[in-house]
Amino acid sequence: MNPVKRAKQERLAVWGKHSKLEKRADPAKRVKPEKQFGPAEKRSLASRFPPANPVRNGTRKNPEKPAAQTKLEGRVWVLTDSTGRLIEDIDTDQIYHNAFLHITDIAEMGQYALGNLEGWKDFAKKAGPGDIVIAGRNFGAGSSRQQAVDCFLSLGVALIIAPSFGAIYFRNAVNSALPVLKCPALGDLTAQKKIRTGDRISLGFKTGEARNLTQEVSFSVDPMSEVQLQIHEAGGLFPYARQTGA
């Protein structure tokens, strides 16, 4: 007999044997269909075993997370040159030297922040968590070097204020939840010594209202846009995208 036909007949014989055994099985031992609960029983079970993450009005309610900080107070570092003027056009290489681009651990990047900026090479040794950096116009010019943002996050810098920012740097900072705010009058404020290194200032991201607590001088900054604020509150662009489905 053809081997293929023989194998087929053997399989059919085995299937037929199992089918006969199944018919002779004790009805009491057969698998019973799943019990169907009525509406009243379903309500009772639902009350006893509520879902861990309930859906209400079509929206899944996630566990509450602490709101991100939208007001802050911190010590100021005013990045000035030897003449006392705000340093303008600080580029990403001055913020974070290309000699350290091989470092991938953000925790190690902070020690090199502003390490290539003349007069401020020891900044990382003096700055601390919650500090605020104030710089001249076009801060973060140059390349799209992400480390120039991450080094400040590593140090715990709470905010950078400048009259303007490099476009790519500003976007990278926003996406990384590093607060960056624009203050067109910053040059005059620092020239008039209304904001100096070591002063403590407070401000609100939503309102743009700011005050130098040390000198009791009020000023204003451009408040965060709605999207920037939402990304900041989410903790960065990726968490924001996960929350919004964007």
Task: Globularity index of segment 102-245, i.e. its alpha-carbon radius of gyration over 2.2 N^0.38 Å - done: 1.04
Open item on the list: Taking loop as defined by DSSP and a crowding limit of 12 other beta carbons within 10 Å, which GluC sites (Glu not before Pro) in segment 78-153 fit?
Closed with: GLU118
TODO: Positive end of the charge dipole of segment 71-244 (Lys, Arg +1 and Asp, Glu -1 on Cβ, about the Cα centre): tell me which of THR244, PRO223, LEU155 has its Cα farthest that way.
DONE: PRO223
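Trypsin sites (Lys or Arg not before Pro) within segment 165-234: which are DSSP loop residues with at most 14 other Cβ atoms inside 10 Å?
Details: sites: ARG171, LYS182, LYS193, LYS194, ARG196, ARG200, LYS206, ARG211; in loops: LYS193, LYS194, ARG196, LYS206.
Passing both the DSSP loop test and the Cβ count: LYS193, LYS206.
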- [ ] Work out the charge dipole of segment 71-244 with +1 on the Cβ of Lys and Arg and -1 on the Cβ of Asp and Glu about the Cα centre, then indicate which of PHE139, GLY187, LEU114 is farthest towards its positive end.
- [x] GLY187
Task: Under the Debye formula (equal points on every Cα, no solvent term), log10 I(q)/I(0) of segment 88-155 at q = 0.14, 0.19, 0.21, 0.27 Å⁻¹ - done: -0.35, -0.67, -0.82, -1.37
Task: segment 161-240: GluC sites (Glu not before Pro) falling in loop per DSSP and having at most 14 other Cβ within 10 Å - done: GLU216
- [ ] Give the order of TYR240, TYR96, TYR112 when sorted by the count of other beta carbons within 10 angstrom, beginning with the fewest.
- [x] TYR240, TYR112, TYR96
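None of the figures in this text is laboratory data; all of them are computed from the coordinates on show. All values reported here derive from a predicted model rather than from experimental measurement. Glycine also receives a Cβ, built like all others from the backbone with ideal geometry; neighbour counts cover every protein chain displayed.
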